[in-house]
There are 2 protein chains.
Amino acid sequence: MPAYKAPIRDIQFVMHEMFDAEKNYQNFPEYADQLTRDVLDQYLEATADFCENELAPLNQSGDQEGCHLDQGVVTTPQGFKAAHQKYAELGFTSLTADSAYGGQGLPTSLRIALSEMLYEANWAWSMYQGLSHGAMRTLEHHGTAQQKQQFLPKLIAGTWMGTMCLTESHAGSDLGLIRTKAEPQADGSYAITGEKIFISAGEHDLAENIVHIVLARLPNAPTGTKGISLFIVPKFNVDESGNIQDRNHVVCSALEHKMGIHGNATCVMNFDEAKGFLIGPENRGLNCMFTFMNTARIGTAVQGVSASQMAFQGALDYAKDRLAMRALDGAKYPEKNADPIIVHPAVRSMLMTQKAFAEGGRALVYFLAQHADIVEHSDDLQAKQFSDELLAFLTPIAKAFLTETGNESAKHGVQIFGGHGFIVEHGMEQIARDARISSLYEGTTEIQSLDLLARKVLKSEGKLLKNMTDLIEQFITENQSSAILKPYVDQLSQLKTEWLDITQHIAKKAKNNPEEIGAASVDYLYYSSYVVFAYLWARMAKIAQQKLDDGSTEHKFYQAKLKTAQFFYNKLLNRTQQHLASIKTGAETVMALDAEDFAF
Amino acid sequence: MPAYKAPIRDIQFVMHEMFDAEKNYQNFPEYADQLTRDVLDQYLEATADFCENELAPLNQSGDQEGCHLDQGVVTTPQGFKAAHQKYAELGFTSLTADSAYGGQGLPTSLRIALSEMLYEANWAWSMYQGLSHGAMRTLEHHGTAQQKQQFLPKLIAGTWMGTMCLTESHAGSDLGLIRTKAEPQADGSYAITGEKIFISAGEHDLAENIVHIVLARLPNAPTGTKGISLFIVPKFNVDESGNIQDRNHVVCSALEHKMGIHGNATCVMNFDEAKGFLIGPENRGLNCMFTFMNTARIGTAVQGVSASQMAFQGALDYAKDRLAMRALDGAKYPEKNADPIIVHPAVRSMLMTQKAFAEGGRALVYFLAQHADIVEHSDDLQAKQFSDELLAFLTPIAKAFLTETGNESAKHGVQIFGGHGFIVEHGMEQIARDARISSLYEGTTEIQSLDLLARKVLKSEGKLLKNMTDLIEQFITENQSSAILKPYVDQLSQLKTEWLDITQHIAKKAKNNPEEIGAASVDYLYYSSYVVFAYLWARMAKIAQQKLDDGSTEHKFYQAKLKTAQFFYNKLLNRTQQHLASIKTGAETVMALDAEDFAF
């Protein structure tokens, strides 16, 4: 397995050249002059250093060793605990946390930017941090002052960690079905009883205490999603000053055996009258969780980029090194026994595809992250609303598309290695196994698709879509006189019209038959995603061209961006046509068979 | 994990109703009246019984236990050896083998038909048989009478098994690079020295002896593919009467750790002056191997069908059982907490896709198998040549497309299970891991694509393609007056023209730039495959419609075939347009980047 190398230059391209992070942060008084380009680069380099030297060496060994459960005690793979301690010491656990409780209060977008490298270097390890971050965020948003004082300082310091307990065996995508109960107690606490499954980081040895954020039902709560409340359930009870007391009645009863992310403990958690505390209003637990869920979805989108990047990185090294056959137009390296396989068009196509997905995905993630900053920090209500809407629209796209393309890139990574890709030692199959979870958890691709088309696009009567097409229109208007950008502008122009038309088409059909929405949704998500990528790749091409026109010394770097944009437009963007055609054929053949007639 | 159920009815549809196996066998004197429909059904049922009751129960345990190596001795998972003994006792090892040496001499097509169930029930176990069959076939085709007498009877009886030793660490797709040496000895044997990797079933405990068929170079052999010879190297030396003697110097030095097919021993084999015997002419080893390779490719295509079928079967059961949310047009099962997920269009789309791939793939495999029979048994030279050419044309399509669609189906299978799909116990992730190898071994998808476009289509100046388009044209002519088949006929008509046009287009561009072939090849293979599927689905639709018109009592079964055909035409066939568009944009953006400029 090749050593991990953080893609710093590409991250900088997006952060500085495409989204001008420094200038963006200057818009918010709390960051003015603090987050200069130099400072941001220092964060990038510190993270890259930690990822390359501490995390990446534990990636393959963590996969092979996995986690162990012995009488409720979970041991993580060798080195995981020490890496967590170092991570906390370096201040990474406190990055974006509330400064009133020991956090550094840095912007979400910076955290997102850095997290890509974490998931590249060690996906399973980094999930412990992702979950803990989610618990902290939930406490910050919905906890009382008392609860924050009790739990946040140690979570932020990394001495304790947190996690989220949502899923039950019969309730995954449909959380309305959960059954875990919360009985009010005389002291104002609640006795939580039930079984949760798929609890990532539910139990482990990285921290002194684990703070569970748990969905449960109060007695006589309404059925379905409107009767779910949110609770804090610590592994060890905690006194008012935040000191650890006795063991609470929450235990890990089993570890799941999984396809991948073996280094992360996926726990079955048993709550047996465990002491819990209500967080947020009664029966509004799911609403409180939405903050977490949206952040988690962006986090998962980042994982998709990480998978594309890792698969690209591994496959590129191999493709330059491995010799097989000669180029079709004659030997390129006649001094060798055979040419390196990167000369073969089919291999190059896969590498270019991975590259286009990794770099396009990174741009999409930063695009989202910057709007997340605006929502959190801007005083401009109009800007805030626009960003909020854009975020709502783009989140399912980013979550579903970047994880699916991450999976596709991982598949290409294995494929470029040929038979060697199937062998554990080369590390490519681990990327494929780890990446597979990302299209399943935090809402499957199908759930995201329905969210996009039904809740975001159709429910807003197209308003959320129009925000996006207006941005595309703006790009078209600004660049239509450019001869060099013409191919991009022409295609965007056509796609924009087509996108609005197909949306109208679906809306119309859905009036008579709501199943048309479900039948169109996945194709619609893919279609939309390719168009969003086309917009971002056009912007990247424009920047690269400007840099070349300005006589940049990084001629090859910007040429590579331009050529990758052209590859995306030539070879990948036409996938829209398949999805468009599929949407047009409607729901009929999808719904035609009775459930009993699928097999005989 | 759901119990395996052999898809007998669907196999019968293809075998009897679509390809009329009984009638086909009557064309060959050796099978006349022997292989009636009843007899064929008995073979199907016996195999189904063995697969459901002996093999399937070992599938998950075999994956979890894997193979063990201790000082050169490989132990297969519990139950594997007993299953092999039973398989041999039931006469399955001798099915198609030469009757002069104890075989039953049954046709290849029957073996192919039955093997689908083997790979469904237990892929890793069935590979031992596949490899042994390959070795037997090679001996039958290229061995001397003496060699056959020495090795075949015990191989056919299953007392011994065989395998194929081709790959070396630096030589996979490009076998011209192999280095294993064969030094002639005074007694007429050869001393074979070298290291082979990825040797499936290279060492194991199922049989008393293992007969290796090995590629190696004679002293002063020409470099490249024209200097490779083929040798028989038994694990235990064998006297002239076929009795086991001393241990030969061939040992397994390591087992590969793999993504899947854990129950199959993938060995590094060391030959240290091992005693070997030349088989076939000197330096013609690769030519001798082509017989094996083509059979192996069809065998791998079958594995792709098996993956689609298994993923479909598992996911269908789950989709009928698992409850989540309500149908978009209102509760379908109001008495339940939620509707089973099969009501949701996105889930149905995945199931229908799996079904269309499994059943379409099965039809393609039988189509090939029937032509393989003609090549082997027909006296009609013209028919023989046509079948040979069609087989040459369709083999890369079947190998690449059925394994890729097998992988896609496996992905959908995991996806339909949601988070549960990632969990080992449900068995869906095993299907995905096992299936992954099929697009890598026996020639990657990229190698198959190049074989199809460069060697089969362009080198024959389109003749091999025209054989296929003539069949399509024939279907169009025969059915153009049918109102019911019109949608199929119209689309086939358009696709046929398009296919010939795009081939011309590539041929023209390739004259100036051979790289255009490589750049187009994978898209061309997919394009061609969807058209071949369209032809086969149209034929299936026609049969189903006829049965319905004839008042069949299996109304629902034939309706399901029709609806699946319609789904394929509506939802999957439009993927051709993406590949067509991609081909048209040519090689330029694929070849644009220098190898050093892919990353900075």
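Of the residues making up the stretch A:435-455, one or more are more than 10 Å from chain B (Cβ to nearest Cβ), surrounded by fewer than 18 Cβ atoms within 10 Å (Cβ to Cβ) and under 29 Å from the mean Cα position of the chain (by Cα).
From the list B:Ile416, B:Ile397, the lone residue that is of a type in the set (A, V, I, L, M, F, W, C), under 25 Å from B:Ala3 (Cβ atoms) and at pLDDT 95 or above is B:Ile416.
Suppose we keep only residues that are of a type in the set (Ser, Thr, Tyr) and at pLDDT 95 or above within the stretch B:259-312. Which one would you say is farthest from B:Lys235 (Cα to Cα)? By that ranking, first place goes to B:Ser308. Of the residues making up the stretch B:186-198, not a single one is under 26 Å from the mean Cα position of the chain (by Cα) and surrounded by fewer than 21 Cβ atoms within 10 Å (Cβ to Cβ). Of the residues B:Val305, B:Val251, the single one that is within 22 Å of A:Gly419 (Cβ to Cβ), among the aliphatic types (A, V, I, L, M), touching a residue at least 12 places away in the same chain (Cβ under 8 Å) and in a helix (DSSP H, G or I) is B:Val305.
Of the residues in the stretch A:161-182, at least one is surrounded by fewer than 17 Cβ atoms within 10 Å (Cβ to Cβ), within 26 Å of the chain's Cα centre (by Cα) and part of a loop (DSSP other than H, G, I, E, B). In the stretch A:574-590, of all residues being at the interface with chain B (Cβ under 7 Å from one of its Cβ atoms) and of a type in the set (A, V, I, L, M, F, W, C), the one that is surrounded by the fewest Cβ atoms within 10 Å (Cβ to Cβ) corresponds to A:Ala581. Each residue in the stretch A:369-419 was checked for being over 30 Å from B:Gly260 (Cα atoms), assigned to a helix (DSSP H, G or I) and without any contact (Cβ under 8 Å) to a residue 12 or more places away in the chain, and 5 pass. Listed conditions (1) within 22 Å of the chain's Cα centre (by Cα); (2) part of a loop (DSSP other than H, G, I, E, B); (3) of a type in the set (A, V, I, L, M) are all met by A:Leu206, apart from (1).
Residues that are among the polar types (S, T, N, Q) and within 12 Å of chain A (Cβ to nearest Cβ) within the stretch B:253-278 comprise B:Asn264, B:Thr266, listed in sequence order.
Table: residues versus (1) surrounded by 21 or more Cβ atoms within 10 Å (Cβ to Cβ); (2) within 14 Å of another protein chain (Cβ to nearest Cβ); (3) in contact with a Lys or Arg (Cβ under 6 Å, 6 or more places away or on another chain); (4) on the phi > 0 side of the Ramachandran plot.
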| site | (1), (2), (3), (4) |
| --- | --- |
| A:Ser482 | no, no, no, no |
| A:Tyr488 | yes, yes, no, no |
| A:Leu492 | yes, no, no, no |
| A:Leu500 | no, no, no, no |
| A:Ile506 | yes, yes, no, no |
| A:Glu516 | yes, yes, yes, no |
| A:Ala520 | yes, yes, no, no |
| A:Gln546 | no, no, no, no |
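Taking the listed residues B:Ala507, B:Ala519, the one that is among the hydrophobic types (A, V, I, L, M, F, W, C) and within 16 Å of B:Glu461 (Cα to Cα) is B:Ala507, with no other qualifying.
One residue alone among B:Tyr333, B:Tyr366 is farther than 30 Å from B:Ala186 by Cβ and in contact with a strand residue (DSSP E or B) (Cβ under 8 Å, 6 or more places away or on another chain), and that residue is B:Tyr333. Just one of the listed residues (A:Glu335, A:Glu359, A:Glu389) is touching a Lys or Arg at 6+ places or on another chain (Cβ under 9 Å), over 15 Å from A:Val305 (Cβ atoms) and acidic (Asp, Glu), namely A:Glu389. Out of everything in the stretch A:336-375 that is among the hydroxyl-bearing types (Ser, Thr, Tyr) and closer than 15 Å to A:Glu408 by Cα, what residue ends up being surrounded by the most Cβ atoms within 10 Å (Cβ to Cβ)? Only one residue tops the list, namely A:Ser349.
The one condition from (1) of a type outside the set (Lys, Arg); (2) touching a residue at least 60 places away in the same chain (Cβ under 8 Å); (3) surrounded by fewer than 16 Cβ atoms within 10 Å (Cβ to Cβ); (4) touching a helix residue (DSSP H, G or I) at 6+ places or on another chain (Cβ under 6 Å) that A:His257 does not meet is (2). Of all residues in the stretch A:550-600, which are assigned to a helix (DSSP H, G or I), closer than 25 Å to B:Ser308 by Cβ and aliphatic (A, V, I, L, M)? Within the stretch A:550-600, A:Ala581, A:Ile583, A:Val590, A:Met591, A:Ala595 meet the criteria. Note on the stretch A:308-356: residues that are more than 18 Å from A:Phe417 (Cβ to Cβ) and either facing chain B (nearest Cβ under 7 Å) or in contact with a Leu (Cβ under 9 Å, 6 or more places away or on another chain) (or both) total 6. Of the residues making up the stretch B:253-280, just one is more than 18 Å from B:Val73 (Cβ to Cβ) and acidic (Asp, Glu), namely B:Glu273. Taking the stretch A:229-248 as the range and being part of a strand (DSSP E or B) and either closer than 17 Å to A:Ala145 by Cα or touching a residue at least 12 places away in the same chain (Cβ under 8 Å) (or both) as the test, the residues that pass are A:Ser229, A:Leu230, A:Phe231, A:Ile232, A:Val233, A:Pro234, A:Phe236, A:Asn237, A:Val238, A:Ile244, A:Arg247. Do we have any residue at all in the stretch B:12-19 that's among the polar types (S, T, N, Q), assigned to a helix (DSSP H, G or I) and touching a residue at least 40 places away in the same chain (Cβ under 8 Å)? Within the stretch B:12-19 (the criterion being among the polar types (S, T, N, Q), assigned to a helix (DSSP H, G or I) and touching a residue at least 40 places away in the same chain (Cβ under 8 Å)), the answer is no, since none of the residues qualifies.
Summed over the stretch B:522-540, residues that are within 14 Å of chain A (Cβ to nearest Cβ) and of a type in the set (Ser, Thr, Tyr) total 4.
The values are calculated or read from the model by the stated rules, or taken from the named source; none is laboratory data. Note that the structure is a prediction, hence the values are computed from the model and not measured. Glycine gets a Cβ as well: all are built from the backbone with ideal geometry, and neighbour counts include every protein chain shown.
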